[in-house]
Amino acid sequence: MARQPGVMPVLLLGLFVAAGFYLYANARELTEFDWRIRPGWFLIAAVIVILAGPLLRTWLWQRVLLTLGHAVPFLQCFRIVRLSQLAKYLPGQVWHFVGTFYWTHKVGVTKSGSLGGMLYDNGISFIAGGITVAILVGFAATSFQGHVAVWVIVGANLLVGTVLSSPSIFNMIAKPLARIARKSPPPQIPVMRAKSFVMLLVVNVGFWFMLGGALYFLVRGVTSPAIPFADAVVIGSIGIMAGFVVPLAPSGIGVTEGIMVSLLGGYFPLEVALVIALLFRVLNVSKEIVLGLVAAGLAARGIGGTAGSASQRDLVSPQ
């Protein structure tokens, strides 16, 4: 796979330099704000972002592969998820999908299973994110219903998620494109059992609650004013989802922060909202670096095992 290792540092440096100039120009407002550092709350946010969230994401990936007939050890799934996540920082978003397919097929999963797993995993996650936000908007203390961007992002994630997790729709789109490009058609995507699909969807909704909840605990950890939990989950989720649907923003750098600052501006001064968004980015980049190094270490030592066959009860529906 082609790599551009300098892209992520340059973009991150640009983001923080631009933010630094803005914060310096508003230094007085920052110093006058009621900051209150609570290490316990901040630690909870860090544990969710760096440990609990990635472990749940790995378990979900393992379950997706299992429902498609491939029993892959947890450590092997961890390696696949973490190494492919690093590809998000390359322009185009597609490299994350390519990385997932490449690493999954490399451990012994069939091309059909690798492609199907990648499509279902991302598609179900997109749908779950949209559902989570749509539900919580009604419980949020601040009305998000007038924010057009929120509903555009929700709609885009639901649309993309539906296409990715529907084999018939995906094949209907992919086959003509393959003919136009004079490429071989993609392997046939297996059909997942409805029961497994719903289970994965419900757990993914819980995953989005976890991600958004991290923003809630982060705010509690650095400021005196609090933000309602439902509002924090909506803002955190929308910020992350915005990065998914903007293809030229590696890992949503700049896009995620812009959306979060805009929505957090309803609770805090803009310069404070920017600090919170940057701290959220620091936690996520720290996660990618630390867990990416762990995954690379596991790969270098050949730890994790190879794929096997799932039990009959986990297999996909017959076609």
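The values are calculated or read from the model by the stated rules, or taken from the named source; none is laboratory data. Source: prediction; values computed, not measured. Reconstructed Cβ throughout: ideal geometry from the backbone, glycine too, with neighbour counts over all protein chains shown.
Residues that are touching a Pro at 6+ places or on another chain (Cβ under 8 Å) and modelled with pLDDT of 90 or more: does segment 221-228 have at least one?
Going through segment 221-228, the residues touching a Pro at 6+ places or on another chain (Cβ under 8 Å) turn out to be 221.
Add one more test, that the residue is modelled with pLDDT of 90 or more, and what stays is 221.
Yes, some residue in segment 221-228 is touching a Pro at 6+ places or on another chain (Cβ under 8 Å) and modelled with pLDDT of 90 or more.
Taking the condition of being in a helix (DSSP H, G or I) and over 13 Å from Gly236 (Cα atoms), how many residues in segment 253-273 meet it?
Step one: filter segment 253-273 for residues in a helix (DSSP H, G or I), giving 255-264, 270-273.
Still in the list and also over 13 Å from Gly236 (Cα atoms): 270-272.
Matching residues across segment 253-273 total 3.
So, Asn157, is that one modelled with pLDDT under 90 and in a helix (DSSP H, G or I) or not?
Numbers: modelled with pLDDT under 90: no; in a helix (DSSP H, G or I): yes.
It is false that Asn157 is modelled with pLDDT under 90 and in a helix (DSSP H, G or I).
For segment 27-68, give me the residue count where each residue is modelled with pLDDT of 90 or more and either in contact with a strand residue (DSSP E or B) (Cβ under 8 Å, 6 or more places away or on another chain) or not small (Gly, Ala, Ser) (or both). Give the steps one after another, and end with the answer.
Pass one, segment 27-68, residues modelled with pLDDT of 90 or more: 38-68.
Filter again for either in contact with a strand residue (DSSP E or B) (Cβ under 8 Å, 6 or more places away or on another chain) or not small (Gly, Ala, Ser) (or both), leaving 38-39, 41-44, 47-51, 54-68.
Final tally of qualifying residues: 26.
For segment 135-154, give me the residue count where each residue is surrounded by fewer than 17 Cβ atoms within 10 Å (Cβ to Cβ) and either modelled with pLDDT of 90 or more or outside any loop (DSSP other than H, G, I, E, B) (or both).
Number of matching residues: 4.
Confirm whether Phe126 is among the hydrophobic types (A, V, I, L, M, F, W, C), in a helix (DSSP H, G or I), modelled with pLDDT of 85 or more and out of contact with any Cys (no Cβ under 7 Å at 6 or more places or on another chain).
Working: among the hydrophobic types (A, V, I, L, M, F, W, C): yes; in a helix (DSSP H, G or I): yes; modelled with pLDDT of 85 or more: yes; out of contact with any Cys (no Cβ under 7 Å at 6 or more places or on another chain): yes.
Spelling it out, Phe126 is indeed among the hydrophobic types (A, V, I, L, M, F, W, C), in a helix (DSSP H, G or I), modelled with pLDDT of 85 or more and out of contact with any Cys (no Cβ under 7 Å at 6 or more places or on another chain).
What are the residue pairs meeting all of these: first residue in segment 217-228, first residue touching a residue at least 24 places away in the same chain (Cβ under 8 Å), second residue assigned to a loop (DSSP other than H, G, I, E, B) and surrounded by 21 or more Cβ atoms within 10 Å (Cβ to Cβ), Cβ atoms under 8 Å, and 6 or more apart or on different chains?
Final answer for the pair search is Val219/Ile227.
Going through segment 276-306 one residue at a time, which ones are aliphatic (A, V, I, L, M) and in contact with a Ser or Thr (Cβ under 9 Å, 6 or more places away or on another chain)? Show your work before the answer.
Step one: filter segment 276-306 for residues aliphatic (A, V, I, L, M), giving 276-279, 282-283, 285, 289-291, 293-296, 298-300, 303.
Across segment 276-306, the qualifying residues are Ile276, Ala277, Val285.
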